[in-house]
Amino acid sequence: DFFRCTGQTLTGEAIVARAQAGDAEAVAAMTRYRDRLGRGIAQVVNILDPDVIVLGGGLSRVEGLVAALPGAIAPHVFSDRFDTPVRASRHGDASGVRGAAWLWGAG
């Protein structure tokens with residue numbers, strides 16, 4: 001998305017860093033990302049009605065993303081209210097590695 005809009009090839013980490021520094025193009029890319037993520041999660045909420053939404057991976061560490069997601073999800077949920085908690089994974093971006101190690105030891 002960032003490349004398509006700017007012609008610049010950057011890592012996700014670099015885009016986040018630029019957005020946090022106030023770069024307008026990076027802020028716009030993060031805003032689009034948050035909106036799209038919110039729309040996608042809303043569809044999961046509409047179908048499954050989860051008790052909690054846990055954001056994992058590297059983006060779970062992006063400052064402010066977890067706090068902003070309920071506002072991005074709520075307009076797209078087929079209900080008059082949205083109160084499902086959105087949380088970052090307890091183990092952050094290491095959750096997948098921890099799960100793989102656990103499975104390896106269990107096998």
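The values are calculated or read from the model by the stated rules, or taken from the named source; none is laboratory data. As the structure is a prediction and not an experimental result, all values here were calculated from the model. With ideal geometry, Cβ positions are generated from the backbone for all residues, glycine too; neighbour counts draw on all protein chains shown.
So the values come out like this:
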| read-out | value |
| --- | --- |
| Residue count, the range 12-28 (criterion: in a helix (DSSP H, G or I) and loosely packed, with under 13 Cβ neighbours inside 10 Å) | 2 |
| Of residues in the range 75-107 being surrounded by fewer than 11 Cβ atoms within 10 Å (Cβ to Cβ) and farther than 20 Å from PRO50 by Cβ, the one modelled with the lowest pLDDT | GLY107 |
| Options THR31, THR9: the member that is surrounded by fewer than 17 Cβ atoms within 10 Å (Cβ to Cβ), polar (S, T, N, Q), part of a helix (DSSP H, G or I) and without any contact (Cβ under 8 Å) to a residue 24 or more places away in the chain | THR31 |
| Counted residues, the range 75-85 - those being outside any helix (DSSP H, G or I) and either closer than 30 Å to THR6 by Cα or hydrophobic (A, V, I, L, M, F, W, C) (or both) | 3 |
| Residue in the range 27-45 that is over 15 Å from ALA68 (Cα atoms), more than 16 Å from the chain's Cα centre (by Cα) and not hydrophobic (A, V, I, L, M, F, W, C) present | no |
| Residue that is farthest from PHE2 (Cα to Cα) [pool: residues in the range 33-64 that are hydrophobic (A, V, I, L, M, F, W, C) and at pLDDT below 95] | VAL54 |
| Meets criteria (in contact (Cβ under 8 Å) with a residue 24 or more places away in the chain and part of a helix (DSSP H, G or I)) for ALA72 | yes |
| Qualifying residues in the range 12-26 (those that are in contact (Cβ under 8 Å) with a residue 12 or more places away in the chain and hydrophobic (A, V, I, L, M, F, W, C)) - the one nearest to PRO70 (Cα to Cα) | VAL16 |
